[in-house]
Amino acid sequence: MFEVLSDRRYARLFSAQVVALLGTGLLTVALALAAYEIAGASASVVLGVALTIKMIAYVGFSPIASALISGLDRKKVLIAANLVRAAAALFLPFVDAVWQIYVLVFVLQAASATFTPAFQATIPEILPDEEDYTKALSLSRLAYDLENIISPIAAGLMLTVISYNWLFAGTALGFLASTGLVMITAFPQIDATRGRSFLDRLTRGSRIFAATPRLRGLFFLNFAAASVGAVVIVNTVVIVRLLYSGSESDVAVALAAFGFGSMFSALSLPRLLHRVSDRRVMIFGALLGALIFVSIGGFVAFQQMLSWPVLLLAWLLTGLCYSAILTPSGRLLRRSAHAEDRPALFAAQFALSHACWLVTYPLSGLLFEAVGMGITMLALGGLAGFATFTGLALWPGGAPEMIEHSHEDLPADHPHLREAGVRTGPHSHRHNFVIDDEHRVWPTQG
């Protein structure tokens, strides 16, 4: 898997992603400490609002940013977004009011909502071979999981010799180092989008999403992943400390079990996806995750608590399922749009997937407080199962990439009919089908 790093351009961009993620991890710790210093006992409320602002920025601003930067030099966009993130991080040590935290968090996350989809859409252009791109997706998932483990450890070690305010400087340095790596990377020449209205650019990604069967299925699989993932992320600390009377170290162990499961899945997927379809892997991961949660939820609600080793095993398997759903999603996006439309499509995926989290984060927390661990896992597992079966219905199996379709509205000598795919009739042909200006609906829709 790591041989893909022999491509110097990808190696630099992957390094840029890693250092930015480490900076973001330091920011999470520093922001929690800053909130406590300013708000005291209300720090959890401040952090909850800050996380909500983060999700709103991701969901609401990502498509707008994609439309605004369409046609701009992507390298310059990535550099500018990173510099905005670094500047916001540098201002955070000087805040003395809660509203200032909210404003800077929104600015920083809006810049991330600009950077991340544009960055993700660039990787398929640098690694056009699907096998190489699959390895890149697994490495990216691995980087996210390692960040969740390494960043808190690094922050803890740094806090033994410096105050938490210096963690914000570490965040800014991470973004600046990421900027430097982007600057020295040679970007591929990407055709500019044709002249389109702002409204067209704004809605293009979501229209491609809505019209493509596999992407409609992907949305519901994203919801399944968010359903099980939210329980782990939101409630692990309460489950371990309150229900198991565990220590802070035990919380870290439980979260690490989830992370290690996700990493094992990411490392295994390149070989697996060489033999098994994306759909089968993602559906299996979603169904298994839902089954684990429904089974455990029912057991805890009506029988007794799990033993500590069984909980760790459950979190490990949940992490494995979570990564099996999310890691291949980039492959679906890559093959569902032309290069010029990929930034809009990745932005739509970024917004829609985080919209799922915007629902499941508060739902998981409120349910846990109201009805406890068992019913919460049963309910979220049931939601994950419902989302999985919906995705299964919307994304039919065995669909060919080369689809025969007709263009009755085009003359027989139209360039698109002459030049694209294999001609099968006066107004019909067959080629790899994606939604674009010439193909606005999927053939099976009539």
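Details
- Here the simple spin-label model places points 7 Å from the Cα toward Cβ, and for GLU130 and ILE184 these points are separated by 3.5 nm.
- Identified option (computed Cα extents along the principal axes in Å; candidates (1) 72, 57, 43; (2) 65, 52, 40; (3) 73, 51, 40): (3)
- Using the average count of surrounding beta-carbon atoms within 10 Å as a protection proxy, the listed peptides 432-441, 102-111 rank, highest first, as 102-111, 432-441.
- Estimated FRET transfer efficiency (LEU199, ASP437; beta-carbon r; R0 22 Å; 0.05): 0.90
- Charge context of ALA80, other residues only, Cβ under 12 angstrom, K/R +1, D/E -1: +3
- Between helix 198-211 and the chain: long-axis angle, C-alpha atoms, 0 to 90°, nearest 10: 90 degrees
- Three-way shape call for the stretch 153-256 based on the alpha-carbon gyration tensor, with the a/c threshold at 1.5: oblate
- Chain lengthening between ILE150 and GLU369 when straightened (0.36 nm per residue, less Cα-Cα): 75.9 nm
- Burial ordering of SER295, SER247, SER206, fewest other beta-carbon atoms within 10 Å first: SER247, SER295, SER206
- Distance between the stretch 2-35 and the stretch 367-395 - C-alpha centres, whole angstrom: 32 Å
- Rounded to 10°, Cα long-axis angle of helix 130-159 versus longest principal axis of the chain: 20 degrees
- 0 to 90° range, to nearest 10: angle between helix 98-126 axis and the chain longest Cα axis: 40 degrees
- Neighbour counts of C-beta atoms inside 10 Å place MET402, MET183, MET282, MET373 in the sequence MET402, MET183, MET373, MET282, starting with the fewest.
- By the count of neighbouring beta-carbon atoms within 10 Å, fewest first, ARG141, ARG418 end up ordered ARG418, ARG141.
No lab work stands behind these numbers, since they all come straight from the coordinates. From a predicted model like this one, the values you see are computed outputs, not experimental measurements. Note that each Cβ is placed from the backbone with ideal geometry, even for glycine, and that neighbours are counted across all protein chains shown.
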